[in-house]
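Here's the structure, in structure tokens; my notes come after.
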Amino acid sequence: MEYFPNVKKITFEGPKSDNPFAFRYYNPQEVVLGKSMKEHLRFAVAYWHTMIQDGCDPFGSAVNKRNWFGKTPIDTAKNRVDAIFEFLTKLDVDYFCFHDADIAPEGETLKETNKNIDEIVALIKQRMSETGKRLLWNTANMFSNPRFVHGAASSSNAVVFAHAAAQVKKGLEVGKELGATNYVFWGGREGYESLLNTDMNLEQDNMARFFHMAVDYAKEINFEAQFLIEPKPKEPTTHQYDFDCSAAIAFLSAYGLKKYFKLNIEANHATLAGHTFEHELNIARCYDMLGSIDANQGNSILGWDTDEFPTDLYSVTLAVYQIVENGGLGKGGINFDAKVRRSSFEQDDLFFGHIAGIDTFARGLKAVEKLKKDKFFENILEKRYASYKNGIGADIVSGKANFKTLEEYALQNTKLKNESDHLEQIKSKLNDYIF
Ligand code: XUL
Ligand code: CO
């Protein structure tokens, strides 16, 4: 069956095209800054938003029109596999990502669940070899099932810890079977609701124990994927332990895990934490921890994770700049962890959402190309930090200076002069590159 009969393969038609099923800016083979757009951007489709999300919200039921529902949950799961591969092929996107619970229905027992997973994984593997599509990452959903009411690796209940371990063990085996390039941990319920009943020390120690076990098991089965932690400050828990990149890096460093992990950074999680997306990417880059990104955007007047498709060109350009400065995303990619709005309920809206996000990233990349050619940020930084190039600044940077030599210097130099940043001028010039 053809699931998207209105859609042929999406191709680049240029900015003047009024074909809604075309890229206007994303030209996969176009070379920008020495690499094709496709190589730079490594887009992925998220199974949960594209295949599962039904449009329900806390005030209303499902609205999304989808044509892949079969007679039984396992029939629906199989139809979804065919539908996502048709979607990836028509959208010309190479990667996809999923939670275990997205691809196969959970059974009454772990054994039954794993049997369902095996059946669907075999079908996915077959479709991957037919189409050449690849798994950017898989992950375990350890937040929907009622057993995770108190968390997973940080649960107060050790039996739940064991179940979570069994689930991730299976996830690592599935990742290996499908050649996933990354494996993601997002601790949706790894945090606390109230400190009144929480042993934070034990919970964080247990999370670290869990991650060490995962690292050990991946080694044991020769699963070479890059492990990624996806920070988020809250939602569903009041306070999540992997609050933001800084918190996740501190945790990984404290528990001897840093060398085994990088970060999967999501735009809307950054803004929920009170940061910009580019701030989080830059922090990760400082510690060589930028692994992959979940592309989306929040809504500044709503305080929750709205997971909109990214269309804010300003923010996307600054994010792409961080990726380019990082030398790319390596094994990572740009996963659209984004959902169409509830009022965009037609199946073709899934294409429009992805096309909008893809074109926005392509435009961001083109803006970054111009910024790099003119050394826009390089020149700003060089001028701003010039005082560290020679004299006392060079002594500070080289380690030659100490508190005594600096005091001597300060005593002699009583006339200190700062220069204005002219930040408004910078912002105005930046607009010329982006718009
Ligand atoms: C939730 C979120 C997840 C992770 C994977 O906010 O971003 O979908 O990306 O579990
Ligand atoms: Co995400």
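The values are calculated or read from the model by the stated rules, or taken from the named source; none is laboratory data. All values derive from a computational prediction rather than experimental measurement. All Cβ positions, glycine included, derive from the backbone under ideal geometry; neighbour counts span all protein chains shown.
Working only within the stretch 108-142, note down all residues that are loosely packed, with under 13 Cβ neighbours inside 10 Å and not in a helix (DSSP H, G or I).
108, 109, 132, listed by residue number.
Are any residues in the stretch 268-318 of a type outside the set (D, E, K, R), within 13 Å of ligand 1 (Cβ to nearest atom) and touching a Leu at 6+ places or on another chain (Cβ under 9 Å), and if so, which ones?
Selection gives 270, 291, 292, 293, 298, 304.
Output yes when any residue across the stretch 21-34 is more than 16 Å from ligand 2 (Cβ to nearest atom) and crowded, with 21+ Cβ neighbours inside 10 Å, and no when none is.
yes
Residue by residue through the stretch 184-225, note down the ones that are outside any helix (DSSP H, G or I) and either within 16 Å of ligand 2 (Cβ to nearest atom) or of a type in the set (Lys, Arg) (or both).
Passing the criteria: 184, 185, 186, 187, 188, 189, 190, 191.
Please go through (1) in contact with a strand residue (DSSP E or B) (Cβ under 9 Å, 6 or more places away or on another chain); (2) part of a loop (DSSP other than H, G, I, E, B); (3) not small (Gly, Ala, Ser) for residue 347 and return the number of the only condition it doesn't satisfy.
The number of the failed condition is (1).
For residues that are crowded, with 19+ Cβ neighbours inside 10 Å and among the aromatic types (Phe, Trp, Tyr), scanning just the stretch 319-353, find the one that is farthest from ligand 1 (Cβ to nearest atom).
Only one residue tops the list, namely 321.
Scan the stretch 154-183 for residues that are away from ligand 1 (no atom under 15 Å from the Cβ) and assigned to a loop (DSSP other than H, G, I, E, B) and report the count.
7
Would you say residue 374 is under 28 Å from residue 317 (Cβ atoms), touching a Cys at 6+ places or on another chain (Cβ under 9 Å) and acidic (Asp, Glu)?
no
Going through 101, 83, 77 one at a time, which residue ends up being more than 30 Å from residue 327 (Cα to Cα), assigned to a helix (DSSP H, G or I) and in contact with a Leu (Cβ under 9 Å, 6 or more places away or on another chain)?
77
Looking at this structure, is residue 265 assigned to a strand (DSSP E or B) and either closer than 20 Å to residue 186 by Cα or within 10 Å of ligand 1 (Cβ to nearest atom) (or both)?
yes
Assigned to a loop (DSSP other than H, G, I, E, B), touching a helix residue (DSSP H, G or I) at 6+ places or on another chain (Cβ under 7 Å) and either among the polar types (S, T, N, Q) or within 16 Å of ligand 2 (Cβ to nearest atom) (or both): which single residue out of 338, 319 fits that description?
Answer to the selection: 338.
Can you find a residue in the stretch 1-23 that is within 23 Å of the chain's Cα centre (by Cα) and outside any strand (DSSP E or B)?
no
Taking only pairs six or more apart or across chains, which ones have beta-carbon atoms under 7 Å, a first residue in the stretch 285-300 that is farther than 18 Å from residue 45 by Cβ and at pLDDT 95 or above, and a second residue that is of a type in the set (Val, Ile, Thr) and more than 16 Å from ligand 2 (Cβ to nearest atom)?
The qualifying pairs are 287/249; 289/249.
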